[in-house]
Every structure is written in C-alpha cells, then in structure tokens.
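**Q** Dropping the structure in here first, questions after.
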Amino acid sequence: MTDNMTIEQIKSLLSRFYEGKTTPEEERQLAAFFRREDVPEDLQQDKQLFLLLAQTSEQEMPQDIADEITAFVNNLGQSDDIQPLTHVSKQHKGVIYRLKTPPKDKEFNVPEVRTTVTRAPHLLRPQATGFRSVRLNRFWYRVAATVALLAAIGGGVLHHQRTYAPDPFRDTCATPEEAAAQIQRANSMIAKATEQCMAPTSKALQKADAAKQLINQHINF
Amino acid sequence: MKRIILAICIIASSLSTQAQNQIFSKYATIDGVDFVCINKAMFGLGTKMISVAGGGEDLSKLGSLDKMLIISSDSDGGKKQIDKDIKALSTDKDYEVLMTSHSSGGDNMFIFTNKRKPHELIIGTIEKEHSSMIVVVGDFSKEDISNFLNQ
C-alpha cells in the first residue's frame, strides 16, 4: 500500500503525524516509506526523526532511566526558557521542545535548537496524557478567571449603582393632584404636537374634499 | 489577545445598555431642566382624578403605561442638550420617526417610537426658546400608538 502512496499523501500523513493525529496503521505506513532508500531529499530530515522515534519506541527502557527521563521532561514543561513546540504522536506520546532564546555559546550557531524527547508508551503514557490535560486545564482556568473577574466587576458596579446612586426614575409628584396636573400638561403638549404634525395632512384632505365636490358639481351639471 | 477583545466587547455592550438608559435619566440632575417622572401607580391616581373631574384622559387610552417623563427646558444649556438628544434619536437606527413637522417659525415636532419593540413613545418639541420631550413607557402595540395619534 505504501508503494502506491504519492509523495503528497506521505507529506499529508506526516503533518498529521506531527499533530499527533495518526493511527498506528498510518504510522506503520510512514515507517515502511521511510525505511526505503529512495526517500526524497526534502524528507530526509523527517526520515531521520521518524526512524529515531520508531527505534526508540521499539527498545525496552530500564526503569531508572525512564524515571530520570520522566523527571527531565516534566521539568522541561515547567521551564520558562523552553516551550513545547508540538506533540509528535499519540502512540509515542512525544513532545518536541524548543528553546525560546538560542544559547549564546558559539557551539550553537543555529537560530533554533530543537530537542526531541520521546517517551516509551508502556512506561510514560499516564504522565504524557496528564501533561497535555494540564495545558488544557490552564487555558480553561484562565477563561474561567477572566469571566469571574468580569462578573465580579459588573456585579460590583451594579450593586454600587443600586445601593448608593439615587434612582433617577422615582416619582417627582408628591400627590395625585400634582400628577393629574402634569398629565394634563403632557396631554396638551401631545395634542399640540400631533395637531401640528397632522396639519399638512388635514389641509391636503380638505383640498381633496373640495376638489371632489367640484368634480361632482360639474358631473351633475 | 482574544480574551482582551472578548472582555472589551462584554464591557462595551454593558456600557451601551447603560448609556441608552442615561439618555433620559441624566436630565434628573441637569440644572435648568424641568424633569417630571410619573410612575405607574401615581399615573393611575392622576388619570382617575382627571376623569372624576370630567377631563379628558388621552394618554390612558394608549394602553398599559409604566412610566411617563416630561423633560422641558427654557435655559440655554438644558435646551441645547434636549435638542441634541431629539436630533440623535431621530437618526438612531433603533427608533422610527412616526411624524415630523417643521414650521416656518422654526418649531420642529418629532414623534418616534422603538422599531423592534414599541414600548416607548417619544414626543419631541423644539421651539425657539423652549424644548421638551415627553417619554411614555409602557406595554402597547403599534396599533395602539396609531389609534392614539389619530384620535
């Protein structure tokens, strides 16, 4: 099946592999492809990385080294100078870390140093899953904290307004008589406004009536 | 960055709601402006008194009213603010102008209501030396307003 796959399909599979979305069957296909001699030049680096990952996962790791690597990887995740770049694969539970600032040592004259850390699935699966979920949890904690902060500020402002600010819409009329006088005043103001607004329409209607009468007179005559 | 934009949007939307209420409430504290607020209970008592005395009860025909505001001013500052708000409301996309009248003497009348939910009827008057706004807030339909204005 690998022989029939085009380079584009391999590249697509490879990008899914780096995103940790490939299935074990797809990873086997990639492994079969990268074990071939005629791998294109632009995929040579990926070949090295992939074969390294595959080789590592196939080896049995002594328990004390596994513990040491676990501690090292967990420290990497907490370091300020290093950030996780991507998860390599669900199967291998690998994480590629990138140094945020390249070291000034002359030995490292490349702009970016990548350290690949892979974990044997049978040894480190729980920690790997936990590491990812901690990152997700951090995001949701931040969202929850932002929402809580906004709610607290909004609640505080509303509480302050309701408690201390005078209600602008409280009754200004102390007695029903006073209210009656104001309502009558409003009635007369509204009547004046509607009359003025309707005046052109009334005039037009009167003219139309007059024209209608004139036409009727002529018809009857 | 997304969180900051989200926070700004939430704060802006709550402030804009507040701002809408402040169009009328701010007049309660402006000097030189006559601000009258009659709430539902007092309005009921007032209209009852008018009907007992044999007077008209035009506004009560509009339907169930919650509140009525009469805002008027003869002073320069107050009049300018009322004129500004009437003009702003007449171009506000949330309000619909039902009637307008511009007389040669410089008097302008505006009658508008909310576009989506007609629970506010506003009658704005801009005269040479006096401006006023009557805001009627209640539960009434467009038909109620139409019948009220054509009575």
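Taken together, the values in this text are just the output of simple stated rules run on the coordinates, not laboratory data. Please read these numbers as outputs of a predicted model, since none were measured by experiment. Virtual Cβ from ideal backbone geometry, glycine too; neighbours counted across all protein chains shown.
**Q** Determine, for A:Leu13, B:Leu69, A:Leu158, the number of other Cβ atoms within 10 Å of each Cβ, and report the residues in order from fewest to most.
**A** With the sparsest Cβ surroundings first, the list reads A:Leu158, A:Leu13, B:Leu69.
**Q** Through the Karplus equation 6.51 cos²θ - 1.76 cosθ + 1.60, θ set to phi - 60°, convert the phi angles of segment A:31-36 into ³J(HN,Hα) values in whole Hz; use x for Gly and Pro.
**A** In residue order, the calculated couplings are 4, 4, 5, 6, 7, 6 Hz.
**Q** Now for a separate question. B:Asp66's amide H: which non-local residues (gap 5+, or another chain) put their own amide H closer than 5 Å, with H modeled 1.01 Å from N in plane and none for Pro or chain starts?
**A** B:Val137, B:Gly138, B:Asp139
**Q** In what sequence do B:Lys87, A:Lys207 fall when counting other Cβ within 10 Å, fewest first?
**A** Final ranking by Cβ density, sparse to dense: A:Lys207, B:Lys87.
**Q** Enumerate the calculated ³J(HN,Hα) couplings along segment A:37-42 in order (Karplus 6.51 cos²θ - 1.76 cosθ + 1.60, θ = phi - 60°), each rounded to whole Hz, writing x wherever the residue is Gly or Pro.
**A** For segment A:37-42, the Karplus-derived couplings read 7, 8, 6, x, 4, 6 Hz, x marking Gly and Pro.
**Q** While we're on this one: Using the number of other C-beta atoms within 10 angstrom as an exposure proxy, rank A:Thr23, B:Thr91 with the fewest first.
**A** Arranged by neighbour count, lowest to highest, A:Thr23, B:Thr91 become B:Thr91, A:Thr23.
**Q** 5 Å is the cut-off here: which amide hydrogens, built 1.01 Å from N in the peptide plane, fall below it relative to B:Leu98, excluding neighbours closer than 5 in sequence?
**A** Result for B:Leu98 returns B:Ile111, B:Phe112, B:Thr113.
**Q** I'd like the trypsin sites (Lys or Arg not before Pro) in segment B:98-151 restricted to DSSP loop residues with at most 14 other Cβ atoms within 10 Å, sorted by number.
**A** When the trypsin sites (Lys or Arg not before Pro) of segment B:98-151 are filtered for loop state and at most 14 Cβ neighbours within 10 Å, B:Lys115, B:Arg116, B:Lys128 remain.
**Q** Also: Working from the pairwise distances between different alpha carbons, so that the mean of 1/r is found and then inverted, what is segment B:43-151's Kirkwood radius in Å?
**A** Here the Kirkwood hydrodynamic radius works out to 14.8 Å.
**Q** So what are the ³J(HN,Hα) numbers for segment A:13-29, from phi and the Karplus equation (6.51, -1.76, 1.60; θ = phi - 60°), rounded to whole Hz, Gly and Pro as x?
**A** 5, 5, 5, 5, 5, 5, 7, x, 10, 7, 8, x, 5, 5, 5, 5, 4
**Q** Hey, another quick one. Among the listed pairs B:Lys40/B:Lys128; B:Lys40/B:Lys79; A:Lys192/A:Lys212; B:Lys67/B:Lys142; B:Lys80/B:Lys128, which are separated by more than 23 Å between their Cα atoms?
**A** Where the Cα-Cα span goes over 23 Å, the pairs concerned are B:Lys40/B:Lys128; B:Lys40/B:Lys79; A:Lys192/A:Lys212.
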